[in-house]
């Protein structure tokens, strides 16, 4: 029997401050005598945002991607997720700041249905940010990694504050790299009630559900809504094959065995059986579709 994921029991005296960025209630805390800060997030009512965050982090780990460390956590008897801060030194330069500084006329304040947030503009901004060719290539490959992860888990919330560059001052100039991927709560059908999950499973409608979820990154910049994370990768892998080829190769690590190992480690009571079956079916569909792109 595999070992269950640990559950952090957060004490009230650990709390440092509330976090304003984003829409969900959350706060920063630091455990006694620990150096790292952690961000605790309360899931929205009747959602699985907490387990979605944990499963997404485990999948990213299996795929060999740099990602924020996520653990299950409880605060005052309320379940949630805890994410370790990866900003040990320097600062985060979020996507909206990068795009506003490198792409003329980009609207940095707009967030929802922001069709200026295209992959072409993201890559253009990265080309303008990193001086060395190797740095530009590595940055675009890492963003491609994260978009393939989004396609695996159905993360529809990769808006321009959910990717960033981690930068610091070195001898009077800025040095930076793409930050680890973070904030994957909007994944894996986390918003669906079990009755809806059950109906989708009975109707064999997993594929339709995966395909219809609009993402936060656009292709043309004229669409009313973004393509699904899966459709974005289908299109982007044709437009930018050198960046997406290594990312797609990582999908092979998400086998049926790997999926079972990830799901069976969830502690009892944190996911219903229907939620587990739904996530298993979701991942089986998305992985099979992504593997087609390698053929």
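Points to keep in mind about this one:
- Scanning segment 54-70 for residues that are outside any loop (DSSP other than H, G, I, E, B) and in contact with a helix residue (DSSP H, G or I) (Cβ under 8 Å, 6 or more places away or on another chain) yields 55, 56, 58, 59, 60, 62, 67, 70.
- Residue within segment 78-86 that is without any contact (Cβ under 8 Å) to a residue 40 or more places away in the chain and either buried (at least 23 other Cβ atoms within 10 Å of the Cβ) or outside any loop (DSSP other than H, G, I, E, B) (or both) present: yes
- Here residue 97 clears all of (1) free of Cβ contacts under 8 Å to residues at least 12 places away in the same chain; (2) in a loop (DSSP other than H, G, I, E, B) except the condition numbered (2).
- A residue that is surrounded by 14 or more Cβ atoms within 10 Å (Cβ to Cβ), within 22 Å of the chain's Cα centre (by Cα) and assigned by TED's automatic domain parsing to the domain that holds residue 169 occurs somewhere in segment 102-109.
- Residues (modelled with pLDDT under 95, in contact with a strand residue (DSSP E or B) (Cβ under 9 Å, 6 or more places away or on another chain) and not in a helix (DSSP H, G or I)) located in segment 118-134: 130
- When segment 134-152 is filtered for residues that are over 16 Å from residue 66 (Cβ atoms) and in contact with a helix residue (DSSP H, G or I) (Cβ under 7 Å, 6 or more places away or on another chain), the ones remaining, listed by number, are 136, 151.
- Residue in segment 260-274 that is closer than 26 Å to residue 120 by Cβ, surrounded by fewer than 20 Cβ atoms within 10 Å (Cβ to Cβ), under 21 Å from the mean Cα position of the chain (by Cα) and in the same structural domain as residue 187 (by TED's automatic domain parsing) present: no
So that you can scan it fast, the table gives a plain yes or no per residue for (1) surrounded by 19 or more Cβ atoms within 10 Å (Cβ to Cβ); (2) outside the structural domain of residue 251 (by TED's automatic domain parsing); (3) assigned to a loop (DSSP other than H, G, I, E, B); (4) touching a helix residue (DSSP H, G or I) at 6+ places or on another chain (Cβ under 9 Å):
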position: 31; (1), (2), (3), (4): no, yes, yes, yes
position: 35; (1), (2), (3), (4): no, yes, yes, no
position: 39; (1), (2), (3), (4): yes, yes, no, no
position: 46; (1), (2), (3), (4): no, yes, yes, no
position: 52; (1), (2), (3), (4): yes, yes, no, yes
position: 72; (1), (2), (3), (4): yes, yes, no, yes
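The values are calculated or read from the model by the stated rules, or taken from the named source; none is laboratory data. Treat the numbers as computed from the prediction; the structure is a model and nothing was measured. Because the Cβ atoms are built from the backbone with ideal geometry, glycine has one as well, and the counts that use them run over all protein chains shown.
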